[in-house]
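The values are calculated or read from the model by the stated rules, or taken from the named source; none is laboratory data. Source: prediction; values computed, not measured. Counting neighbours? That spans all protein chains shown, and the Cβs are built from the backbone with ideal geometry, glycine included. Quick note on the areas: whole protein, heavy atoms, side chains included, nothing else; ligands and nucleic acids left out. Shrake-Rupley method; radii C 1.70, N 1.55, O 1.52, S 1.80 Å.
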Amino acid sequence: GNVAAPVEIKHLPSGKVVAWTRLCVKKSATQSSSISLTFWDDLAHVASQHLQKGYQIHVSGRLIIDTVETEEGKTQTYYKVFVTANLLGFRI
């Protein structure tokens, strides 16, 4: 997918580093999904230094699916990937 937002990074008091962004994945010519990406430690540094909005990337990691009920009573599903492997094949 394509990086949909600038990468944000935070250094935690514990010494760990976390970075995050969103990935836009096209389902079809008219539909797309947004997936939150979370990077930890060394990968957080790599992501913050090398990824920019619009870059096309391939990642692998642990998929988390959260389902919540909205105030209107509808079900909303959110996807998040905790990236665990190197960024593969990123390009402008």
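Listed by first and then second residue, the pairs with beta-carbon distance under 6 Å, at least 6 apart or on different chains, first residue in the stretch 1-14 and open to solvent by 90 Å² or more (accessible area, probe 1.4 Å), second hydrophobic (A, V, I, L, M, F, W, C) and not in a loop (DSSP other than H, G, I, E, B), are 8/20; 10/18; 11/17. Out of the stretch 63-76, which residues are under 15 Å from the mean Cα position of the chain (by Cα) and either among the polar types (S, T, N, Q) or open to solvent by 60 Å² or more (accessible area, probe 1.4 Å) (or both)? Once the filter is applied, which keeps residues that are under 15 Å from the mean Cα position of the chain (by Cα) and either among the polar types (S, T, N, Q) or open to solvent by 60 Å² or more (accessible area, probe 1.4 Å) (or both), the stretch 63-76 yields 63, 65, 66.
State whether one or more residues within the stretch 35-46 are touching a Leu at 6+ places or on another chain (Cβ under 8 Å) and over 18 Å from residue 9 (Cα atoms). Scanning the stretch 35-46 turns up no residue that is touching a Leu at 6+ places or on another chain (Cβ under 8 Å) and over 18 Å from residue 9 (Cα atoms).
Quick one: would you say residue 4 is at pLDDT 95 or above, touching a strand residue (DSSP E or B) at 6+ places or on another chain (Cβ under 6 Å) and closer than 19 Å to residue 76 by Cβ? It is true that residue 4 is at pLDDT 95 or above, touching a strand residue (DSSP E or B) at 6+ places or on another chain (Cβ under 6 Å) and closer than 19 Å to residue 76 by Cβ. Just the residues that are closer than 15 Å to residue 2 by Cβ and open to solvent by 70 Å² or more (accessible area, probe 1.4 Å), please, taken from the stretch 36-55. Of everything in the stretch 36-55, those that are closer than 15 Å to residue 2 by Cβ and open to solvent by 70 Å² or more (accessible area, probe 1.4 Å) turn out to be 50, 52, 53. Of all residues in the stretch 15-35, those satisfying the criterion of being under 15 Å from the mean Cα position of the chain (by Cα) and open to solvent by 100 Å² or more (accessible area, probe 1.4 Å) are 22, 26.
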